[in-house]
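What follows is a short report on a single structure.
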């Protein structure tokens, strides 16, 4: 009885702290607010969500039962289906889903101020993202690890199933190419980061061989040795960075790094999951969780104040980093930190094939998403504690800043000291930090400042390069898992499992090669794009990711409405919100008449420049034609994905009308 009273008081206390901090963040104006409020609000809200909401879903909605045999035990082929320790599965799943979204998205969305992103991350991760991941993982495991497209075909119909397979395969191709592009930008001309990331591959393979061939129960010692070698690789990167000869060897151009990443993706899809993918993701998760924990500790020690306003002047659409109003663009800029469709591919791809016990679904599915939401909050805090003038000087393109960034920012209300930017670049070991767009460099600067303030101000440059390496590893683990998931999807699309050829080793190599070729093409297009690639691919990445979330939520809603209509609301309500928002975003991004927003408007602008003779240099003509082609390409892809989404939704409503008619 005393224990029950204590538990009740404890959770009431956690609830009061969470509500107080979140309420304070929402209403305080005219004074600086400490970053501690954001950490406490996120942790408390997520703890309550995991303890109560996920437990209710697991026991009352899904009826999770440890007596059910998992696909890993039923099939257990030693290659893709392998029963795996729950913490290794958690590490693999978290490493696989936590890509650029929770790092880059909140950093870019800081343009709107700290309040909009904070509310979307906290509410979205607890009530939408984690619920989607958990239910899709459960559904896949109960159906022998079927993919998202296969489950849609079974639950909604063949037309919707084919559209889902085709659409999700196309979407994941775009998603992986963006992941690769961000890694290329992080590692280009970075000997430190390139060496460290490269060394994680043989280290992971050593751990995988040890656990699979020699001591399957030796998870603890393998983890200690592997993580120690990871840290040694980080220190080795510093030696490489300062070595006059070796630094040149690892200081490579973006094109070469892109081809190396393409080759790595092929190996990750072909090799057995126990040899490279699972141990590398597991060990990488140590680095991810460890770094985020250090960040949280540093924030608690240093507790910097937020320099960004709660709501900025750019909510009206005239942003410096990207143009567009807060609605709908906040919700496609911050994707993975609140809800991500990519997670559903992992939850119906590699993860359900390696879970040992069905009761691990709650930890792996719901818990991993909450941890990603916490990562997103750390990224948002890191961006918002920077001086806004410095933040925008780093993240705004050179075309927008012009020849005099100080004067440009002053006209908007930001006082930038040019000498501060010079000093900051020297402290970070960079030549310049102006217009280092994409979010990753400013995130690394913020991380370096926070970590050095708590753990050694004399090591600012080391922390900066450590942060760059951390970002690359963070994203690369999603790329390799995504490639393997895309391979499964392509095999399902071609009906490989039902034919003799599909079960051969050559089929695995062929499908892996085709998948890598597809996303490798878009990666190469992004690398050679005159505007840097990220400016055109990131909006498509955000919209595609959220449309994929809509597809996954549609399936989850259909599954739940057949079990119990009243329970279907837990996915139906997020589905309605995300679908409406994403549809509006796609139509706005494609057809908006402003060339800063609309893809087609930008294409028409460059076409007009060509036809009017304003561009006469041959190189500039080629550049203009490439920009025009890219704008039409992404417009076509965005509309194609939107068409796929609505075909699936309409089919779901039509085929299951008798279940849906009384849901509200």
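The values are calculated or read from the model by the stated rules, or taken from the named source; none is laboratory data. Not measured: the values here are computed from a predicted model. Virtual Cβ from ideal backbone geometry, glycine too; neighbours counted across all protein chains shown.
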Residue satisfying condition, being under 22 Å from residue 36 (Cβ atoms), within 22 Å of the chain's Cα centre (by Cα) and crowded, with 21+ Cβ neighbours inside 10 Å, within set 373, 365, 349
373
Condition first: in a helix (DSSP H, G or I), touching a helix residue (DSSP H, G or I) at 6+ places or on another chain (Cβ under 9 Å) and under 20 Å from residue 183 (Cβ atoms). Can you find one or more residues in region 412-419 that meet it?
no
Does residue 408 satisfy being touching a residue at least 60 places away in the same chain (Cβ under 8 Å), farther than 17 Å from residue 112 by Cα and either surrounded by fewer than 14 Cβ atoms within 10 Å (Cβ to Cβ) or over 26 Å from the mean Cα position of the chain (by Cα) (or both)?
no
When residues of region 267-315 are filtered for being in a helix (DSSP H, G or I), touching a strand residue (DSSP E or B) at 6+ places or on another chain (Cβ under 9 Å) and surrounded by fewer than 20 Cβ atoms within 10 Å (Cβ to Cβ), how many remain?
0
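To keep it simple, each residue is scored yes or no on (1) at pLDDT below 80; (2) within 21 Å of residue 395 (Cβ to Cβ); (3) crowded, with 24+ Cβ neighbours inside 10 Å.
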{"site": "451", "(1), (2), (3)": "no, yes, yes"}
{"site": "462", "(1), (2), (3)": "yes, no, no"}
{"site": "469", "(1), (2), (3)": "yes, yes, yes"}
{"site": "490", "(1), (2), (3)": "no, no, no"}
{"site": "496", "(1), (2), (3)": "yes, no, no"}
{"site": "499", "(1), (2), (3)": "yes, no, no"}
{"site": "503", "(1), (2), (3)": "yes, no, no"}
Enumeration of residues in region 29-46 that are more than 16 Å from residue 385 (Cβ to Cβ) and surrounded by fewer than 16 Cβ atoms within 10 Å (Cβ to Cβ):
29, 30
Looking at region 213-239, which of its residues are farther than 19 Å from residue 289 by Cα, surrounded by fewer than 19 Cβ atoms within 10 Å (Cβ to Cβ) and in contact with a helix residue (DSSP H, G or I) (Cβ under 9 Å, 6 or more places away or on another chain)?
215, 217, 218, 236, 238, 239
Among (1) at pLDDT 75 or above; (2) touching a helix residue (DSSP H, G or I) at 6+ places or on another chain (Cβ under 7 Å); (3) in a helix (DSSP H, G or I) - the single one residue 473 does not satisfy:
(1)
State all residues of region 316-332 that are surrounded by fewer than 18 Cβ atoms within 10 Å (Cβ to Cβ), in a loop (DSSP other than H, G, I, E, B) and either touching a residue at least 40 places away in the same chain (Cβ under 8 Å) or in contact with a strand residue (DSSP E or B) (Cβ under 7 Å, 6 or more places away or on another chain) (or both); if no residue qualifies, say none.
317, 323
Looking at this structure, is residue 125 under 17 Å from the mean Cα position of the chain (by Cα), under 30 Å from residue 469 (Cβ atoms) and surrounded by 24 or more Cβ atoms within 10 Å (Cβ to Cβ)?
yes
What residue, of 581, 651, 588, 630, is surrounded by 15 or more Cβ atoms within 10 Å (Cβ to Cβ) and over 27 Å from the mean Cα position of the chain (by Cα)?
651
Turns out the helices (runs of 4 or more DSSP H) fully within region 139-252 with at least 2 residues that are in contact (Cβ under 8 Å) with a residue 60 or more places away in the chain are 148-155, 158-187, 191-209, 219-242
